[in-house]
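Student: First the structure, then my questions, so here it is.
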Amino acid sequence: MMVNVMTLLALLAHPMPGGETLQIGSRLELFVDDWLIDSMSDSLKLKLHAPRPAEVVLQFDRPWETRWSASGYGTVFQDGNRYRLYYRAGLAEFGEPEFVCYAQSTDGIHWEKPDLNLIEFRGSKKNNIVWDGVGSPHALGVFKDTNPGCRPTERYKALSSDGYRKPVYAYGSPDGIRWHLIQKKPVIDEHHGAVAAYDSQFCTRWDPVERRYVVYHRIWYRPVDSKVRSIAVRTSADFINWTPLKRLDFGDTSPEHLYTNAIGPYFRSPHILLGFPRRFWPSRRKWPEPELDGISDTVFLSSRDGLHFDRRFMESYIRPGGDRLSWLTRCNTVLPGMLQLSSHELSLYVARHWGDPTVHVRRYVLRTDGFVSVNASYAGGQLVTKPFVFKGRELVINYATSAAGSVRVALAGANGRSIPGFALENCPEIYGDEIEHVVGWTGQPDLAKLAGKPVRLHFQLKDADLYSIRFRTP
């Protein structure tokens with residue numbers, strides 16, 4: 001609900017009707033949606049922040065890695081003191097052998113392709129190939145299984161298939177290097193006309209809260225006369241028996257081709273799922289060279305239940321930009337997985353130049369929690385949250401202002417009445433650019449006495465961005 005400042009101040013001065021009280025405890029809350037927002041001034045908005053390109057981190061320059069390698073069919077994740085990256089090499093569609101390859105890094109920037117001596121290529125096993133059997137085209141949707149009941153021989157798992165309308169198989173590995181089929185029989189072989197389309201990245205994980213495995217994969221459906229690429233979810237208790245697919249709900253947004261999805265929990269706030277689908281325009285071709293039609297960019301979406309996704313941001317999250325070769329077919333694809341290489345910065349990995357000899361993966365960076373902010377113009381505005389219950393002794397905010405901008409914070413009861421000692425006038429002006437700023441009030445009132453009671457936050461923002469909040473005990 002959008003209201004002007006005077007209406008907002010009137011709301012704060014009078015009791016509000018009862019409603020659901022949110023339970024946020026001490027978890028990090030992002031402003032990627034309006035889940036926490038009750039009302040805000042017309043001058044405020046939720047603003048999407050695109051990541052910026054950094055360095056090229058992986059080039060596909062080995063004999064078994066052709067110009068058709070990757071295409072976003074890869075996975076990156078942290079595993080102890082190192083980072084792992086799995087990707088597809090080659091493309092059978094153009095008469096090339098297809099493999100799943102492996103790279104590793106200690107800093108997320110410099111990657112090595114170790115000689116694993118596992119699989120032969122042109123008479124030699126001196127390569128980084130980890131799989132060349134069933135399911136090679138899709139690079140295995142690899143993850144490290146944190147299920148307490150996981151078998152040691154299947155500590156690393158994956159799903160993949162041989163392509164469109166081909167069955168899906170389950171894979172296991174004790175070390176992430178030596179892989180095997182968990183069973184010879186497919187685990188998914190469901191076909192419903194245009195729906196069956198297992199020729200894209202599988203994003204798979206163990207959900208410790210629901211105690212089940214979850215996979216997101218591509219499907220077709222017909223919202224209009226022509227069919228459209230979209231995304232479905234399935235779950236499983238044992239990684240073998242999977243539920244029928246459910247197509248994701250994107251609300252009332254116009255149907256678009258979403259080719260890959262890169263959906264997963266945000267590790268700093270795992271109750272929130274973030275996705276970075278490759279949005280595909282199959283009828284467009286910027287340059288005459290590619291063998292395949294279609295151009296792509298990346299979009300952003302979020303969810304709190306894994307089925308209903310917020311697609312309020314229809315604009316591109318990662319554009320092709322001024323790089324001519326990023327306008328080739330099926331480029332600009334975010335690999336599933338996100339790394340935090342420093343306290344202030346997140347890293348996404350994007351496949352670019354697919355179909356050209358310069359095909360590579362480039363790192364993109366963004367502020368920690370910096371996907372979306374509550375953005376205030378120079379004129380400023382007010383935001384009031386829904387009532388919630390928290391745990392902790394201090395409030396931490398992730399914010400940025402201009403030199404002229406500012407943030408102030410007040411605490412109110414669930415009825416909207418200001419709590420003595422926590423009014424806006426008790427909060428000194430906050431300005432700067434900090435990932436973690438502890439909010440203070442004059443007289444240092446004890447915030448812990450409000451823990452467990454329904455409260456609201458009231459923000460006054462001017463030329464500022466507010467990214468996230470968290471209550472915690474220092």
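Student: With respect to Pro53, determine if the residue is more than 22 Å from Ile272 (Cβ to Cβ) and either of a type in the set (Val, Ile, Thr) or modelled with pLDDT under 90 (or both).
Tutor: So Pro53 does not fit the description; no.
Student: From (1) touching a residue at least 60 places away in the same chain (Cβ under 8 Å); (2) surrounded by fewer than 21 Cβ atoms within 10 Å (Cβ to Cβ), pick out the condition that doesn't hold for Gln201.
Tutor: (2)
For (1) surrounded by 15 or more Cβ atoms within 10 Å (Cβ to Cβ); (2) modelled with pLDDT of 95 or more; (3) at positive phi; (4) not assigned by TED's automatic domain parsing to the domain that holds Glu65, each residue gets a yes or a no:
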site: Leu116; (1), (2), (3), (4): yes, yes, no, no
site: Ser124; (1), (2), (3), (4): no, yes, no, no
site: His138; (1), (2), (3), (4): yes, no, no, no
site: Gly141; (1), (2), (3), (4): yes, no, no, no
site: Arg151; (1), (2), (3), (4): no, yes, no, no
site: Glu154; (1), (2), (3), (4): yes, yes, no, no
site: Leu159; (1), (2), (3), (4): yes, yes, no, no
site: Tyr169; (1), (2), (3), (4): yes, yes, no, no
site: Gly176; (1), (2), (3), (4): yes, yes, yes, no
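Student: Here's something else I'd like to know. Starting from the stretch 299-323, take each residue that is of a type in the set (Ser, Thr, Tyr) and list its partners that are in a loop (DSSP other than H, G, I, E, B), counting only C-beta distances under 7 angstrom and pairs at least six apart or across chains.
Tutor: Once the first residue is of a type in the set (Ser, Thr, Tyr) and sits in the stretch 299-323, its partners that are in a loop (DSSP other than H, G, I, E, B) give Ser302/Val32; Ser302/Asp33; Ser316/Val299; Tyr317/Ala50; Tyr317/Phe276; Tyr317/Val299; Tyr317/Phe300.
Student: Hey, Gly443 hits all of (1) more than 30 Å from Asp61 (Cβ to Cβ); (2) within 30 Å of the chain's Cα centre (by Cα); (3) at pLDDT below 95 but one; which does it fall short on?
Tutor: With respect to (1) more than 30 Å from Asp61 (Cβ to Cβ); (2) within 30 Å of the chain's Cα centre (by Cα); (3) at pLDDT below 95, Gly443 is out only on (2).
Student: Take the residues of the stretch 65-101 that are over 13 Å from Pro137 (Cα atoms) and among the hydrophobic types (A, V, I, L, M, F, W, C): which is surrounded by the fewest Cβ atoms within 10 Å (Cβ to Cβ)?
Tutor: Result: Phe77.
Student: I've got another one for you. Considering each of Ala404, Ala400 in turn, give the residue that is within 26 Å of Glu345 (Cβ to Cβ), over 32 Å from the mean Cα position of the chain (by Cα) and aliphatic (A, V, I, L, M).
Tutor: Ala404
Student: When you go through Glu120, Glu112, Glu55, Glu96 one by one, which is the residue that is within 24 Å of the chain's Cα centre (by Cα) and more than 17 Å from Thr333 (Cβ to Cβ)?
Tutor: Only one candidate qualifies: Glu55.
Student: Taking the residues in the stretch 418-427 that are assigned to a loop (DSSP other than H, G, I, E, B) and touching a strand residue (DSSP E or B) at 6+ places or on another chain (Cβ under 8 Å) as candidates, determine which candidate is farthest from Ser406 (Cα to Cα).
Tutor: Among them, the one singled out is Ile419.
Student: Is it fair to say Arg62 is surrounded by 17 or more Cβ atoms within 10 Å (Cβ to Cβ), more than 20 Å from Arg278 (Cβ to Cβ), in the same structural domain as Val142 (by TED's automatic domain parsing) and basic (Lys, Arg)?
Tutor: For Arg62, the condition - surrounded by 17 or more Cβ atoms within 10 Å (Cβ to Cβ), more than 20 Å from Arg278 (Cβ to Cβ), in the same structural domain as Val142 (by TED's automatic domain parsing) and basic (Lys, Arg) - is not met.
Student: Still on this structure, please answer the following. Can you name the strands (runs of 3 or more DSSP E) wholly within the stretch 57-116 that have at least 2 residues being more than 17 Å from Arg363 (Cα to Cα) and in contact (Cβ under 8 Å) with a residue 12 or more places away in the chain?
Tutor: Answer list for the stretch 57-116: 82-89, 99-105.
Student: Which of the residues that make up the stretch 293-318 are touching a Pro at 6+ places or on another chain (Cβ under 9 Å), farther than 25 Å from Lys47 by Cβ and among the aliphatic types (A, V, I, L, M)?
Tutor: If the condition is that a residue be touching a Pro at 6+ places or on another chain (Cβ under 9 Å), farther than 25 Å from Lys47 by Cβ and among the aliphatic types (A, V, I, L, M), then Ile295 is the only one that fits.
The values are calculated or read from the model by the stated rules, or taken from the named source; none is laboratory data. Just so you know, these numbers come straight off a predicted model, no measurement behind them. Glycine gets a Cβ as well: all are built from the backbone with ideal geometry, and neighbour counts include every protein chain shown.
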